[in-house]
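A.B. asks: Could you have a look at this structure, given as structure tokens, before my questions?
The values are calculated or read from the model by the stated rules, or taken from the named source; none is laboratory data. All of these numbers come straight from a predicted model, not from anything done at the bench. Every residue, glycine among them, receives a Cβ derived from its backbone with ideal geometry; neighbour counts consider all protein chains shown.
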């Protein structure tokens, strides 16, 4: 028997009460830093990627156990600063629906930290590529309607024929530039995620960032997607991050499996890079997110609080 919406929200309230252990407000703003009073220093807000609740949300025309509106309520109960509504789980693309998400977030005191879409830019000029570009531009318009300042995009999929990697990178950069030109007119950033093809390492992502070279383009840093040396790659990419998705697991240094993420180490890396923005928990582990997510949010919140305490000037 599936839980009802009332039961889900009741469970969320109970978990929120359990998680509220006096760690402090989710937004962590130091008053004095070792880097010097008056400087613009690193600052974090906590968000939640809707992808974390993919088994609960509507998708592909099928109804879910909860809606994005319900998830917004849970985010507020869990004392988050923001929410990241993934495009896959929107019940509609009508303006009225988009505006209802914006209104819901505002009434709950939540920011929209960004959104995320699927796209493939590893395509030669032609109709297929035009459709991908049109899809991204459409979601730029949607993002402007519901208040998302950035959109997570992918580089794309490896072509079946033997197209040289440099040619694929050129195609991707051309598409990204065109979309960024449009996104800039709507005040929306595009953030490239280190996710698979063409983005396997920080060095590969930075090569694309350099090729696109656009003021409305940056990196959607996903801490769990590197296959080896995760913390070294995170540190290399962090200075270009405009948003960060935090996974609860990372690859082992030698690539031999996965292990729990060191939130404190990740937060320290981001602070050293002077990152100012949201940390969106993107939960992918096996435990039910209804019980796991609030616990991991509390751990991430604790990591940000401890990092500030370690650097504050007393």
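A.B. asks: Out of curiosity, is residue 16 modelled with pLDDT under 95, assigned to a helix (DSSP H, G or I), in contact with a helix residue (DSSP H, G or I) (Cβ under 7 Å, 6 or more places away or on another chain) and closer than 23 Å to residue 282 by Cβ?
C.D. replies: On the way: modelled with pLDDT under 95: yes; assigned to a helix (DSSP H, G or I): yes; in contact with a helix residue (DSSP H, G or I) (Cβ under 7 Å, 6 or more places away or on another chain): yes; closer than 23 Å to residue 282 by Cβ: yes.
So residue 16 passes the test.
A.B. asks: Looking at the stretch 83-100 only, could you name the residues that are touching a residue at least 40 places away in the same chain (Cβ under 8 Å), surrounded by 22 or more Cβ atoms within 10 Å (Cβ to Cβ) and not in a loop (DSSP other than H, G, I, E, B)?
C.D. replies: Across the stretch 83-100, the qualifying residue is only 84.
A.B. asks: Also, quick follow-up: Given the criterion free of Cβ contacts under 8 Å to residues at least 40 places away in the same chain and either out of contact with any helix residue (DSSP H, G or I) (no Cβ under 6 Å at 6 or more places or on another chain) or over 16 Å from residue 142 (Cβ atoms) (or both), identify the matching residue among 103, 50. Steps first, please.
C.D. replies: Numbers: 50 fails: either out of contact with any helix residue (DSSP H, G or I) (no Cβ under 6 Å at 6 or more places or on another chain) or over 16 Å from residue 142 (Cβ atoms) (or both).
Exactly one residue qualifies, and that residue is 103.
A.B. asks: So residue 178 clears everything in (1) more than 23 Å from residue 82 (Cβ to Cβ); (2) touching a strand residue (DSSP E or B) at 6+ places or on another chain (Cβ under 9 Å); (3) surrounded by fewer than 22 Cβ atoms within 10 Å (Cβ to Cβ) except one condition, right? Which one?
C.D. replies: All conditions pass for residue 178, except number (2).
A.B. asks: Condition test on residue 65, is it more than 18 Å from residue 151 (Cβ to Cβ) and either buried (at least 19 other Cβ atoms within 10 Å of the Cβ) or touching a residue at least 12 places away in the same chain (Cβ under 8 Å) (or both)?
C.D. replies: Values: more than 18 Å from residue 151 (Cβ to Cβ): yes; either buried (at least 19 other Cβ atoms within 10 Å of the Cβ) or touching a residue at least 12 places away in the same chain (Cβ under 8 Å) (or both): yes.
So residue 65 passes the test.
Listed here are the residues, each with its yes/no results for (1) surrounded by fewer than 20 Cβ atoms within 10 Å (Cβ to Cβ); (2) in contact (Cβ under 8 Å) with a residue 12 or more places away in the chain; (3) touching a helix residue (DSSP H, G or I) at 6+ places or on another chain (Cβ under 7 Å).
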position: 113; (1), (2), (3): no, yes, no
position: 116; (1), (2), (3): no, yes, yes
position: 127; (1), (2), (3): yes, no, no
position: 137; (1), (2), (3): yes, yes, yes
position: 143; (1), (2), (3): no, yes, no
position: 158; (1), (2), (3): yes, yes, no
position: 164; (1), (2), (3): yes, no, no
position: 182; (1), (2), (3): yes, yes, yes
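A.B. asks: Just to be sure, is residue 132 without any contact (Cβ under 8 Å) to a residue 60 or more places away in the chain, surrounded by fewer than 18 Cβ atoms within 10 Å (Cβ to Cβ) and out of contact with any strand residue (DSSP E or B) (no Cβ under 8 Å at 6 or more places or on another chain)?
C.D. replies: Numbers: without any contact (Cβ under 8 Å) to a residue 60 or more places away in the chain: yes; surrounded by fewer than 18 Cβ atoms within 10 Å (Cβ to Cβ): no; out of contact with any strand residue (DSSP E or B) (no Cβ under 8 Å at 6 or more places or on another chain): yes.
Considered against the rule, which asks whether it is without any contact (Cβ under 8 Å) to a residue 60 or more places away in the chain, surrounded by fewer than 18 Cβ atoms within 10 Å (Cβ to Cβ) and out of contact with any strand residue (DSSP E or B) (no Cβ under 8 Å at 6 or more places or on another chain), residue 132 comes out as no.
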